[in-house]
1. Taking amide hydrogens as modeled 1.01 Å from N in the peptide plane, which residues meet the under 5 Å criterion relative to residue 74, leaving out close sequence neighbours?
2. Quick one: which residues, 5+ away or cross-chain, put their amide H under 5 Å from the amide H of residue 224? H built at 1.01 Å from N.
3. Kindly state, to the nearest 0.05, the FRET efficiency for residue 88 paired with residue 36, given R0 = 41 Å and r defined as their beta-carbon distance.
4. Using +1 at the Cβ of each Lys and Arg and -1 at the Cβ of each Asp and Glu in the range 257-304, identify which of 277, 262, 301 lies farthest towards the dipole's positive end.
5. Projected area of the range 133-287, taken from the Cα convex hull and averaged over every viewing direction, in nm²?
6. Find which of 154, 99, 181 sits farthest along the positive direction of the dipole of the range 95-194, computed with +1 on the beta-carbon of Lys and Arg, -1 on that of Asp and Glu, about the Cα centre.
7. When the dipole is taken about the Cα centre of the range 30-108, and only Lys, Arg (+1) and Asp, Glu (-1) are charged at their Cβ, what size is it in debye, to the nearest 20?
8. With θ taken as phi - 60° and the coefficients 6.51, -1.76 and 1.60, list the Karplus ³J(HN,Hα) couplings across the range 101-116 in order, rounded to whole Hz; mark glycine and proline as x.
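All of the numbers you see were taken from the coordinates with simple rules; none came from a lab. Only a predicted model underlies this, so the values are computations on that prediction, with no experimental measurement involved. Please note: Cβ atoms are built from the backbone with ideal geometry, for glycine as well, and neighbour counts cover all protein chains shown.
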Amino acid sequence: MTRHLLTLFDLSGDEINRLLARARWLKAERLAGRRHLPLAGKALAMIFEKPSTRTRVSFEVAMYQLGGHALYLSAEGSQLGRGETYADTARVLSRMVDGIMVRTFEQDRIAALAAAATVPVINGLTDLSHPCQILADLVTVMEERGTLEGCRICYVGDGNNVCNSWIEAAVQLGFTLAVATPPGFEPAAVLRERIARDGHRHIMLGDDPRVAVAGSHVVNTDTWVSMGQEGEDLERKRAVFAPFQVNRRLMQHAAPDAIVLHCLPAHRGEEITDEVMDGPQSRVFDQAENRLHAQKALLEMLLG
């Protein structure tokens with residue numbers, strides 16, 4: 001049966017842990033100048049319906065470093081832009097490539113691709129979930145702490161795809177996660193319902209950023225305006241989100257050795273201040289680099 005990664009629920013906790021360990025090993029091997037080419041002769045189609053820097057570069061370079069090849073397909077530059085269905089696109093690509101990565105809008109779009117594909121489909125980002133980002137974030141946490149045991153992770157800001165995938169990770173791995181979002185900007189209802197139904201007491205949802213950050217070892221945030229939402233009332237949203245800014249005052253509530261993560265791109269001065277993002281607690285650019293190594297481990301698992 002073809003394996004896909006549409007959300008982190010497609011991986012078991014053990015599989016996620018193995019991916020994190022493998023990513024760190026691949027990173028060390030790369031830094032030591034040793035090459036591994038398990039995907040020689042393999043090709044990955046990359047479909048982009050949303051713009052990208054880190055996702056495109058990390059997947060394309062990952063395929064190259066593993067010995068394979070990546071092909072960039074924009075919606076406008078492919079038949080998707082002229083109305084071809086996702087199912088038909090998946091059927092065609094499955095006969096030519098070894099995997100499909102897609103960065104798109106509604107989760108239904110990637111689900112349609114996966115339903116028709118006979119090769120692995122990877123979620124490079126949807127409005128619901130951003131699993132590849134959280135794999136890289138977890139690699140960064142493991143580099144810093146060596147373990148997730150006893151680690152309190154928090155997320156403050158918009159209950160967007162990054163927030164949703166942190167919840168997915170906490171469900172699968174069992175670490176403590178505290179989330180603070182403004183009323184009306186909560187994580188996806190399907191995840192809130194799952195937390196309540198399954199009794200995940202280690203996942204706490206609220207609307208007070210100070211409570212979420214209190215004692216946390218990892219402080220996460222993201223932009224207040226996600227791609228595709230730029231037309232919203234930005235001034236109103238900035239006012240609502242102002243208390244959720246990750247700044248020096250908020251960080252005073254975190255553990256003394258806390259690190260700060262942001263998946264980028266950042267709107268400096270909005271969800272995070274320069275003082276924090278460029279400060280000694282920031283691991284933002286390590287986190288960005290780790291997209292490459294996490295992607296390599298994932299591609300090796302699914303395409304190897």
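1. Correct list: 48.
2. 271
3. 0.70
4. The residue sitting most towards the positive pole is 301.
5. Hull-based average projected area comes out at 8.4 nm².
6. Toward the positive end, the furthest listed residue is 99.
7. Approximately 520 debye in magnitude.
8. Each residue of the range 101-116 in turn: 10, 9, 10, 8, 9, 5, 4, 4, 5, 6, 5, 5, 4, 5, 5, 9 Hz.
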